[in-house]
Every structure is written in structure tokens, then in C-alpha cells.
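Read through the structure below, which is laid out as C-alpha cells, and then see the notes.
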Amino acid sequence: MPSRDHEERKLLYMAIITVNGEEAPISPAAPHTTVLDFLRERGLTGTKEGCAEGECGACAVLVARPGVNKPTDWVAVNACLVPVAALDGQEVITSEGLATAGASGEPAALHPVQEEMAVRGGSQCGYCTPGFICSMASEYYRPDRCAHPKAEAEAAEGTAADSEHGPNGFDLHALSGNLCRCTGYRPIRDAAFAVGTPLGNDPLAQRREQSPPAPVATAYTRDDRAFLRPGTLSDALRLLRERPDAVVVAGSTDWGVEVNIRSRRADCVVAVDRLPELRELRVESDRVEIGAALTLTEIERRLDGSVPVLAELFPQFASRLIRNSATLGGNLGTGSPIGDSPPVLLALEASLVLADADGEREVPLCDYFTGYRQSVRRPGELIRAVRVPLPLSPVTAFHKIAKRRFDDISSVAVAFALDIEDGTVRKARIGLGGVAATPIRALAAEAALEGEPWTAETVEAVARVLRAQGTPMDDHRASAGYRSAMLGQSLLKMYARTTEAVSS
Ligand SMILES: Cc1cc2nc3c(=O)[nH]c(=O)nc-3n(C[C@H](O)[C@H](O)[C@H](O)COP(=O)(O)OP(=O)(O)OC[C@H]3O[C@@H](n4cnc5c(N)ncnc54)[C@H](O)[C@@H]3O)c2cc1C
Ligand code: FES
Ligand code: FES
């Protein structure tokens, strides 16, 4: 809980964050100043800038966030994308803060993660190292890391659990947003797979047992520009009615790129990512309701595989660093035709709960997009939640076709949700991304599948229909012909997987 002193200083400075245990006023930073620039300005130059667009992880820092299995999680985020004003009242740890200061006069000790990186040769030029350290530390402190069942079994044998998990339960996806140009990843992986479990007297492990900092309402203004964080949904909706020009932000993983790379500035930014009404996840008898401002990591951990096609989506969506901030509201809010969640949510027949100062309405996602980056969402309206109807179709798949397996933008994305009973397709829902100005349902292919036997002949015929869906374009990522071909291949692949599953 913020102290009285903190409240008084906040009145003076408008916004304060705690960095490595010390309070720091945000002023005189501009409202668009990133956490990265703020830290470096304060001399914390361990936090590096590589790309300024969320691609390299050199800027990673840890933020205390509501935990999934403990009150607080240490979550690694890209400091280059988040405005520092968004962390008003929050706690940040940088690579400098991870090393614990020794007794007076003694040099600071290395954090166990730093120690492993040093002794296993995980750093050459060192530019990427602080970012790797922060991502690694976030995974080091993940409370359920050592509970990975395969990891426990393999730990006894001393062999890696699988290619993506160490014997210590370390999930290599934690490092998927960090790039290294000179060391090579083998020693970095060795360090990750060698870290132990935090000791009982580790201050950051102890910090997990207490509540995270509560979100605080923020009104940070400078030079006629404002970063505003309303405390409640009704305040936010009222504010958006008064300021229809305001830019809404949640995780800032899209907006941060606009600010850094395209030099966009907004007179008024309104943060909605900590509004409790946008952060609920409820499983009811007939639907799952997912708050629009939950991060993808939170959704992934809280659903824990119960919506299999979403579980398939998450690892393919950007990197862990991005997923630690990115929200579904932001992915749908941008209206991008190549966003990865819309194809999946279209296949799941999801709907959006839109809220404004007058109330709420529910819009099926298939009616939401109206044109390139356009939707039925009115000025002043927020996406409050995404509703996925239950029961789920039992046969699902998500195929993202991109140049890299992880951390890349889709050329084409296809999601399937099929009900197959007694060898016949009773219901088919297919969501597509990257083949039209908006994400679309493959209605002709769905109709061609329904009522047909789930056989190689049907699938060959429907793959031809699917190839003709949408109006794909040629661009630097893929040709129109390639995109069409991938649609058909996607169905063939799914068929092969389902028949393999039956025959094995
Ligand atoms: C390196 C990198 C990799 C990426 N990889 C992928 C990827 O693999 N797949 C993919 O789909 N995307 C990817 N993205 C894009 C981005 O991460 C996603 O679109 C993400 O879901 C955006 O969420 P956010 O909360 O960060 O949005 P923000 O940047 O906070 O907001 C984006 C916009 O969405 C709107 N918005 C946000 N929340 C709401 C709300 N509740 N109601 C109404 N409008 C709202 C606002 O208009 C806002 O301007 C990537 C981005 C980066 C930087
Ligand atoms: S500087 Fe590259 S991800 Fe932030
Ligand atoms: S050690 Fe040089 S970039 Fe990684």
C-alpha cells in the first residue's frame, strides 16, 4: 500500500515509480517517454535499446504484477514499448537491481541467474545480456516452474525434459523475445537450464508472497499532453466520451511501436489495462468470458489448456516478452487483418462485449470488422471482454504461416473448429487472417464441409474451395498465390493430423 509520504510526493510529482526499491518521480519526462528512456536517463544504462520495437529484448525489465499462483509475479516486459507514466505506483527491477548489494564496503553479489550466465559463457559483447538476465529471472521466479511434470521426472535422471524445457523446468519460450548476435544460444540455454530455485531469503522471492502494487489512477500532464489512467471503468468511459480523440492503450505493444518508429504522439492517452472490469476471466456453463485487458500470458496460464485452440495460438503469438503485456483488447482494437487472435476467435464463434458511457452491447466477432482496420466500434467505446460460447468444438487447429516459427508476423493464419460425429462433419467454423482487408470466416469452405464425410476426398475438394477464399495480396511477406496455396495446405495438414491421431 502506498505510504502517506508517497501520496504527498505524488501530489507534488503527479507520478512516481519504484525502481530497484527506490521511489523515483517520473517528472519531467514527457507523457510518451518510455520506461527505457526514463531508466537510462537515471543512469540505469544496463537496460539497452536494440530495436525500440519489441523485437530484440535488450530493454527487458521486471515488473511486479498480479500473480497467477502467488500474489505477485515478476513479469519481464519490453521497456522500450511501455510509457513510464503507465507504471505510476508500480515496482520495476532492472538488471542492476537484481544483483544484491553486499554488506557495506563489499562488492555487490551476482544474482544466481547472472552467475550462471557468467560461468557458462553466456555473454560476449554483453549488449543483449541484461535483457536476457531479466527474461531469465522472470522464469527463475515463476512459481510453477519446477512443477513441470516432465521436468520433475527428467530431473531425477539429469536429462533435459524436452527440447524446450530444462531439467529445472525452465521454459525456453521465456527467452523467445531476446536476441543475441554474438554469443550463440547454446551457452545461454545452458545457463537457463542450470538455474536452481530461489532461496527462502531471496528478497524477490519473498516479494511474491505479498500483494502486487495496486493500480493507481494517474493524471500525468506535461506540455499540453496527458497520460491518464482512470481508476474505474465508468470514469474511463466518461473520459472517452469527453475526449473521443484520446488514444486508448493497454499493453502498448502496438502503440509503443507507433510512438517509437512512426513518431506518433497523442494529446491524450488513456490507459485501460488495469481496469478490474476488463481483467476478469470467468468460466460459466455456456461460455468463457475473457477480460479484454488480461495479458495473453495471464490468459494462457489461467485457461491452462482448457480452450485447446487458444493454447495452440499463444506460443505462436510474438514472444513471451510481448505476451506479458499484449492484450486481446489491443489485438482486436487495432483491427489488423493479420492479427493472430481474430482467426481463432472467429472459429470459436466468439463475440465482443463493447461498453460505452450508455451501457454495453454484444457483437459477434464475425460482424465486428467492417473494413481495413475498421470496425463497428464507436468512438468512446471500449472492448470490455471477449465471450467464447461453450461447448467447444472438439476438433480444432491453428496454423500460422510465417517466415519464422516464433516471434514473427503471419503471412496467413487459419483456425479450424469442427464437430465431427460418426465420421461426418456436422459443423465447421474456419477463421482466416492475412487473405483480405479484414479477418474473415471461410463461409464457402465451411458450407462445403458440413454434412460431408471427413475423408481424404472431401478434404481435397474443400481445400480447393478454401484456396479461393478471400482476396489475398502480393506483398513483401508472401505472394497472393502462396497465401492461397497455404489455405488449402492448412486443411490437408489438419486432416493428416486428425487421421494420425485416430490411427496411432
Ligand atoms: C515485436 C512484436 C511482435 C508482435 N507479434 C504479434 C503476433 O505474432 N501476432 C499478433 O497478432 N500481433 C503481434 N504484435 C502486435 C501486438 O502485440 C498485438 O496486437 C497486441 O495484442 C496488442 O495489444 P496491446 O494491449 O499491447 O495493445 P495496445 O498497443 O495497448 O493498443 C493498441 C490499440 O488497440 C486499441 N485498444 C487496446 N485495448 C482496447 C480496448 N480494451 N478496447 C478498445 N480498443 C482497445 C487502441 O486503439 C490502441 O491504440 C506484435 C507486436 C510487436 C511489437
Ligand atoms: S529495444 Fe529491442 S525490444 Fe526493446
Ligand atoms: S553477447 Fe553480444 S549480442 Fe549477445
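If the chain linking TYR185 and ARG238 were pulled fully straight, counting 0.36 nm for each residue of separation and taking away their Cα-Cα distance, it would gain 14.1 nm.
Taking a ≥ b ≥ c as the square roots of the eigenvalues of the Cα gyration tensor, segment 25-147 is rounded, since a/c falls below 1.5.
At full extension, ARG426 and VAL283 could sit 49.0 nm farther apart than now, given 0.36 nm per residue minus the alpha carbon distance. Rounded if a/c is under 1.5, else prolate if a/b is larger than b/c, else oblate: which is segment 248-293, with a ≥ b ≥ c the root eigenvalues of its Cα gyration tensor? Prolate.
Here each label is just a point 7 Å from Cα along the line to Cβ, and for ASN201 and ALA109 those points are 0.7 nm apart. Within a straight-line Cα-Cα reach of under 18 Å, LYS70 can be paired with the following aspartates and glutamates, leaving aside sequence neighbours fewer than 8 residues apart in one chain: GLU91, GLU139, ASP144, ASP202, GLU209, GLU280, GLU298, GLU300, ASP304.
Highest mean first, what order results for 37-46, 437-446 on Cβ atoms within 10 Å?
Ranked from most to least packed, the peptides come out as 437-446, 37-46.
As a length-normalised measure over Cα pairs under 8 Å and 6 or more apart, the relative contact order of the chain settles at 11 percent.
Summary of packing: across the peptides 185-192, 241-248, 448-455, 323-330, the per-residue average of other C-beta atoms within 10 Å ranks them, highest first, as 323-330, 185-192, 448-455, 241-248. Ranked by the mean number of other Cβ atoms within 10 Å of their residues, highest first, the peptides 287-299, 457-469 fall in the order 287-299, 457-469. Computed from the Cβ-Cβ distance with R0 of 41 Å, the FRET efficiency linking ARG42 to ASP304 stands at 0.60. Histogrammed with a bin width of 5 Å, the alpha carbon distances of segment 155-257 distribute as 2, 8, 12, 12, 11, 11, 11, 10, 10, 8, 3, 1, 0 percent, first bin at zero. Test of understanding: extend the Cα→C-beta vector of THR455 to 7 Å, then name every residue of segment 386-425 with backbone N under 14 Å from that spot. The answer is 423-425, whose backbone nitrogens lie closer than 14 Å to the label point. Bridging of LYS493 to aspartates and glutamates at a Cα separation below 12 Å is possible for GLU460, once same-chain residues fewer than 8 apart are set aside. Across q = 0.12, 0.21, 0.24 Å⁻¹, segment 444-503 modelled as identical point scatterers on its alpha-carbon atoms has Debye log10 I(q)/I(0) values of -0.32, -0.80, -0.94, in the order of the q list.
Here the Debye sum runs over all C-alpha atoms of the chain as equal scatterers in vacuum, and log10 of I(q)/I(0) at q = 0.08, 0.10, 0.12, 0.13 Å⁻¹ comes out as -0.52, -0.81, -1.15, -1.32. The label point for ASP474 and the one for GLU53, both projected 7 Å from the Cα toward the Cβ, are 2.3 nm apart.
Laboratory data are not the source of any read-out in this text; all were calculated from the coordinates shown. Computed from a predicted structure; not experimentally measured. All Cβ positions, glycine included, derive from the backbone under ideal geometry; neighbour counts span all protein chains shown.
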